[in-house]
Amino acid sequence: VDGTRCPPVVFLDHHLCHAASAMLVSPFERAAVMVVDGASEAHTTMLAHAGREQIRVLTRVALPHSLGQFYAAITAYLGFRPDHDEYIVMGLAAYGVPRFAAALREQVLRTFPEGQFRLNTRLLDFHLARDRIFLPQFLQLFGPARRPEEEITPRHQDMAASVQAVLEETLLHLGRHLKTVTNEERLCLAGGVAYNCVANSRLLRDAGFDEVFVPPAAGDSGAALGAALWLTHRRGGLSAPMVMRTASWGPQFSQAACRAALEASGLVVERLDDGPLCEKISGELAAGKLVFWFQGRMEWGPRALGHRSLLADPRREDMRALINMKVKLREPFRPFAPSVLEERASENFELVGPSPFMLRTDGGQSTMKGVIPAVVHVDGTARVQTVDRDSNPRYRRLLESFARRTGVPVLLNTSFNVNEPIVCTPQEAVACFLRTEVEWLAMENLLARRRSPSSGPEG
């Protein structure tokens, strides 16, 4: 429109872009690569062997045989939104027993040699499931579909446990085949199914790999970065490896912009240097207060990682109920996640290596289950984020302050939002804060609270 010359359009294979989004930002020189999602142009799964110079495709699985669509269809069957609420099903699975897994394996999703599987779409069709249409034969096997407003029963919990078990088993089938044909010690995962952090942990634990890397935006937003990286690489533009150690690639706003948004809403605002800010907030958290934490560049991907977060004390048994009452208004069975100082993670969790992007689950150490109950799921696991010394200095300092005060180097960390996308701008953050009963809002070095009814114009 303005006369700017557009570069020529380049077509890039969707799954190769996913593979590049993981391999080219991983700490590995060579790795096995597994891409699993709903669908690409014509495929749903790709297994590859990659170095920083080349991604060699080994195996593909074509539509309609899709693990992503399998899980999404069961998500719809359980009354949740397909392609959106799969993480709810993953959390619900811990409450059930997989008594439907055998029928799912035999009738719906079967594995075959050489890293192959087949989805019986004559019994479970994703496209019909999106419209809440389920075939009579499927309903005869598993019972009626749950309506969204219907109570969740043990049968629904068992179905969630069953679909999770079958997904994990199928991914293990793929992972073990990939391990055999590549003989690599390291695995890169990408695609929307790589957001299933329980399955990721199963692959790390049982598929034979020593390390697994999952980028913070494993889904299609990550494929956009992968496309840029892959094309730049093909044109010789990647002069040095880029290892992704932080997810803070989103927009950032000045302290002045934050202050303007806070003061326009009539909040009481105080500026504190990093040390006093973290001391003040750690004290409020230890006293049971909730804090919205808005710092630096927004996270890239679906996880809040200490840039757009709601923080709380993990030691309180009632903290999950308190957050759901004051803020989240979400299903009580969904777990909250812990952030922990990286070098002290093994004191609290059965952790293998760092977990900066909260994309796997780890068991809680037996000595800690009674200490941090708000962040340990019913099955004894936690979706851990380890915080190193460099990626998020102010959040790191807050964790250190809380550890000095309480002896516990862990905070409950969930996303800064209420039934909406994670907030991005200062205005969105303030609007969300005002809709909740959270006591404090920290934006950069500014600490804000509501004006008390008895306070004068100066607060």
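Scanning for something open to solvent by less than 20 Å² (accessible area, probe 1.4 Å) and of a type in the set (D, E, K, R), does region 368-378 turn up at least one residue? No, region 368-378 contains no residue that is open to solvent by less than 20 Å² (accessible area, probe 1.4 Å) and of a type in the set (D, E, K, R). Scanning region 302-314 for residues that are assigned to a loop (DSSP other than H, G, I, E, B) and in contact with a Ser or Thr (Cβ under 7 Å, 6 or more places away or on another chain) gives Ala304, Gly306, His307.
Checked against (1) surrounded by fewer than 16 Cβ atoms within 10 Å (Cβ to Cβ); (2) within 20 Å of His156 (Cα to Cα), Pro7 meets all criteria but (2).
Whether any residue in region 318-329 is under 27 Å from Ser26 (Cβ atoms) and charged (D, E, K, R) is what I want to check. Taking every residue of region 318-329 in turn, none turns out to be under 27 Å from Ser26 (Cβ atoms) and charged (D, E, K, R). Within region 64-77, the set of residues being buried (at least 17 other Cβ atoms within 10 Å of the Cβ) and part of a loop (DSSP other than H, G, I, E, B) comprises His65, Ser66.
Would you check which residues across region 118-170 are small (Gly, Ala, Ser) and in a loop (DSSP other than H, G, I, E, B) and list them?
Passing the criteria: Gly143, Ala145.
Can you spot a residue in region 416-426 that is over 22 Å from the mean Cα position of the chain (by Cα) and within 22 Å of Pro335 (Cα to Cα)? No, that holds for no residue.
Screening Met34 on (1) open to solvent by 20 Å² or more (accessible area, probe 1.4 Å); (2) more than 30 Å from Glu420 (Cα to Cα); (3) within 20 Å of the chain's Cα centre (by Cα) shows it passes everything except condition (1).
Scanning region 131-180 for residues that are open to solvent by 40 Å² or more (accessible area, probe 1.4 Å), closer than 30 Å to His49 by Cβ and either hydrophobic (A, V, I, L, M, F, W, C) or free of Cβ contacts under 8 Å to residues at least 12 places away in the same chain (or both) returns a single hit, Thr180. Filtered by the rule that a residue be in contact (Cβ under 8 Å) with a residue 60 or more places away in the chain, in a strand (DSSP E or B) and over 26 Å from the mean Cα position of the chain (by Cα), region 78-117 gives a lone residue, Thr111. Contact map, region 28-41: residues that are in contact (Cβ under 8 Å) with a residue 60 or more places away in the chain paired with residues that are polar (S, T, N, Q), Cβ distance under 6 Å, separation 6+ or inter-chain. Pairs shown: Ala32/Thr182; Val36/Thr45; Gly38/Ser66; Gly38/Gln69.
The conditions of being modelled with pLDDT of 95 or more, open to solvent by 10 Å² or more (accessible area, probe 1.4 Å) and basic (Lys, Arg) are not met by Lys326. For Thr246, the requirement of being touching a residue at least 60 places away in the same chain (Cβ under 8 Å) and on the phi < 0 side of the Ramachandran plot is met.
Please report, ordered by residue number, the helices (runs of 4 or more DSSP H) entirely within region 337-452 with at least 3 residues that are closer than 30 Å to Arg186 by Cα.
Hits in region 337-452: 345-348, 393-406.
Within region 39-76, the residues that satisfy the criterion of being closer than 17 Å to Val214 by Cβ, of a type outside the set (Ser, Thr, Tyr) and within 19 Å of the chain's Cα centre (by Cα) are Leu67, Gly68. Could you count how many residues in region 298-332 are within 17 Å of the chain's Cα centre (by Cα) and within 24 Å of Ser355 (Cα to Cα)? Result for region 298-332: 14.
The values are calculated or read from the model by the stated rules, or taken from the named source; none is laboratory data. Since the structure is predicted, the reported quantities are computational estimates derived from the model, not experimental observations. When we count neighbours, we look across all protein chains shown, and the Cβ atoms used for this are built from the backbone with ideal geometry, even at glycine. The area values use the complete protein model at the heavy-atom level, side chains included, leaving out ligands, DNA and RNA. Shrake-Rupley method; radii C 1.70, N 1.55, O 1.52, S 1.80 Å.
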